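Visitor: Pasting a structure here, questions to come.
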Amino acid sequence: MLNTIWFVLFVVIIAGYLILDGFDLGVGILHLFVAKTDEDRRILLNSIGPVWDGNEVWLVVGGGVLFAAFPHVYATLFSGFYTAMMLVLLFLILRTVAIDFRSKEKGKGWRSFWDATFFTSSLALALLLGVAFGNIISGVPVDGEGIIRANLFQLLTPFAVLIGLTTIVMMAMHGALYLNLKTEGALQERIRKLTPKLMIAFVVLNTLSVIAAVAFHESVTERYLAEIWPVVFPALALGSMALSWWLLRKGADLGAFVASSAVIGLLLASVGVGLYPNLLISTIDPAHTLTVFNAASQPNTLTVMLIITAIGLPFVLLYTAGVYYIFRGKVKIGSNSY
């Protein structure tokens, strides 16, 4: 039971990361296309200014949970995803530097360089995260020693790249819906015109991803083919997507953004239900697959962690909600802005 609780908590934390950091990665992906002036780009940077670093904490928490609750999976992932994880770390650092350094000088070349860095690092992070999810869904060559026998290029399978592209568009869509809340005037109009196109592109790519998963990766879809109840998650995700579209057309920007957040959370829940109890599927031998049962820490460790989480998580949620409440509303550029 404890193992399953921690699997659910891990999925919830990763969903929280994708929802929160997803929109600020989306802002980075979009800002070269929708911002026409230096002030536009400053508005986009300041739309995520008070929250982007707090959003990334959820990725750290997710890594900590994986390390403490499922240490065998953590160790195995580093054996095969080491290069990819170092690239993630590199782009996280570059993105942080770009946000902080851009407004330190007024030169056009200086700002253009950091704008390009902000865009490239945001795009690369979304792609790497998507490729990682694609490999987790399809399985990786885990051997009997718990080592992934594949290099970075071997992880770039057509299915993983498709999931990577879907993730990029999903975050761009989520970022556009967030920017509708934070911008106004001509900038908001450009973003509002682009948002439905991103929604259509996401639905098309996500549909192709589902078809590819059903056709080629039964390990994550066999539960859906055998039982009815798990279908509720993708069905709710589809309903939330339609609701987000409808609310956007009605001008209910906050509702459209919340519905988009629900889409991301429900899609991750759909994958989690399909994978359970597997955490990392071995394509070499099913006996080498890591599950919530053979890869978990001792029950005492899981119990202590659960108590600490039950005490600490409400404070994290209250702090996060407080920051978003304080910095609500349209962005106004001031002397302390980026």
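The values are calculated or read from the model by the stated rules, or taken from the named source; none is laboratory data. Because the structure is predicted, anything quoted here is derived from the model rather than measured. Here Cβ is always computed from backbone atoms with ideal geometry, including for glycine, and neighbour counts include all displayed protein chains. Note: areas computed on protein heavy atoms with side chains; ligands, DNA, RNA excluded. Shrake-Rupley method; radii C 1.70, N 1.55, O 1.52, S 1.80 Å.
Visitor: With an 8 Å cut-off on Cα pairs and a minimum separation of 6 or more residues, tell me the relative contact order of the chain in percent.
Guide: 27 percent
Visitor: Pairing the Cα long axis of helix 185-216 with the longest principal axis of the chain, what angle in degrees results, from 0 to 90 and rounded to the nearest 10?
Guide: 20 degrees
Visitor: Which value in deg cm²/dmol, rounded to the nearest 500, describes the helix-derived mean residue ellipticity at 222 nm for the chain, given -39,500 (n - 2.57) per DSSP H run of n ≥ 4 and division by the residue count?
Guide: Calculated at 222 nm, the ellipticity per residue is -27000 deg cm²/dmol.
Visitor: Once you have all Cα-Cα distances for region 92-195, histogram them in 10 Å bins from zero and send the whole-percent values.
Guide: So the P(r) values, bin by bin, are 13, 28, 33, 17, 7, 1.
Visitor: Same structure, new question: At 37 °C and 0.692 mPa s, grab the translational diffusion coefficient of region 1-160 from Stokes-Einstein with a Kirkwood Rh over Cα pairs, rounded to a whole number in µm² per second. Don't jump to the answer; show the numbers that get you there.
Guide: Details: Rh = 17.2 Å.
D = 191 µm²/s.
Visitor: Okay, moving on. If you stretched the chain out fully between Q298 and T96, how much longer would it get, using 0.36 nm times the residue separation minus the C-alpha to C-alpha distance?
Guide: The Q298-T96 span can extend by a further 69.0 nm.
Visitor: Mind putting a number on the dipole of the chain about its Cα centre? Charges go on the C-beta only, +1 for Lys and Arg and -1 for Asp and Glu, and I need it in Debye to the nearest 20. Before the final figure, lay out the partial values.
Guide: On the way: 21 positive and 19 negative charges, 267 e Å.
Here the size comes out at about 1280 debye.
Visitor: Where in region 27-53 does the label zone of N336 land, with the point 7 angstrom along Cα→C-beta and an amide N cut-off under 16 Å?
Guide: 46-52
Visitor: Sticking with this structure for a sec: Under a point spin-label approximation (7 Å from Cα along Cα-to-Cβ), what is the K36-T83 distance to one decimal in nm?
Guide: In this crude label model, K36 to T83 measures out at 4.3 nm.
Visitor: Could I ask something else about it? Mind ranking 178-186, 245-253 by how tightly packed they are, going by the mean number of other C-beta atoms within 10 angstrom, highest first?
Guide: Numbers: 178-186: 18.8, 245-253: 15.2.
Final packing ranking: 178-186, 245-253.
Visitor: Of the peptides 88-100, 131-143, how do they stack up when ordered by the mean number of other Cβ atoms within 10 Å, highest first? Working shown, then result.
Guide: Values: 88-100: 16.4, 131-143: 21.3.
Highest-to-lowest ranking by the protection proxy: 131-143, 88-100.
Visitor: What's the FRET efficiency of I228 with L208 using the Cβ-Cβ distance as r and R₀ = 25 Å, to the nearest 0.05? Could the numbers behind the result be given before it?
Guide: Details: r = 24 Å, r/R0 = 0.96.
In this case the efficiency is close to 0.55.
Visitor: Here's a follow-up. In terms of modelled amide H atoms, which long-range or inter-chain residues lie less than 5 Å from the amide H of L279?
Guide: L290, T291, V292
Visitor: What's the carbon and sulfur percent of the chain's accessible surface, probe 1.4 angstrom, rounded to a whole number? Show your work: numbers first, answer last.
Guide: Values: 11580 of 16180 Å².
Summing carbon and sulfur atoms, their accessible area is 72 percent of the total for the chain.
Visitor: Here is a follow-up. What translational diffusion coefficient, to the nearest whole µm²/s, does region 71-114 have by Stokes-Einstein, given a Kirkwood radius computed over alpha-carbon pairs, a temperature of 10 °C and 1.306 mPa s viscosity? Before the final figure, lay out each step's value.
Guide: Values: Rh = 12.4 Å.
For these conditions, the coefficient is 128 µm²/s.
Visitor: Lys/Arg Cβ at +1, Asp/Glu Cβ at -1, dipole of the chain taken about the Cα centre: which of I148, M241, F7 is farthest positive-ward?
Guide: M241
Visitor: Between Y324 and A287, take the C-beta separation as r, use R0 = 56 Å, and let me know the FRET efficiency to the nearest 0.05. Don't skip to the end; give the middle numbers.
Guide: Details: r = 46 Å, r/R0 = 0.82.
That pair, Y324 with A287, gives E of 0.75.
Visitor: Can you tell me the accessible area per residue over the chain, all protein chains present, probe 1.4 angstrom, in square angstrom? All intermediate terms of the calculation are to be shown ahead of the outcome.
Guide: On the way: 16180 Å² over 338 residues.
I get 48 Å² per residue for this part.
Visitor: Right, here's the next one. Once R0 is set to 41 Å, what does the formula 1/(1 + (r/R0)^6) return for the Cβ-Cβ distance between K193 and V8, expressed as a FRET efficiency to the nearest 0.05?
Guide: Numbers: r = 39 Å, r/R0 = 0.95.
Plugging the Cβ-Cβ distance into 1/(1 + (r/R0)^6) gives 0.55.
Visitor: Give the Cα extents of the chain along the principal axes, in whole Å, largest first.
Guide: Result for the chain: principal-axis Cα extents of 58, 42, 38 Å.
Visitor: Which entries of K108/K197; K106/K193; K250/K332; K36/K108; K182/K332; K197/K250 have Cα-Cα distances beyond 21 Å here? Don't skip to the end; give the middle numbers.
Guide: On the way: K108/K197 31 Å; K106/K193 30 Å; K250/K332 25 Å; K36/K108 13 Å; K182/K332 9 Å; K197/K250 16 Å.
In this structure, K108/K197; K106/K193; K250/K332 lie more than 21 Å apart at Cα.
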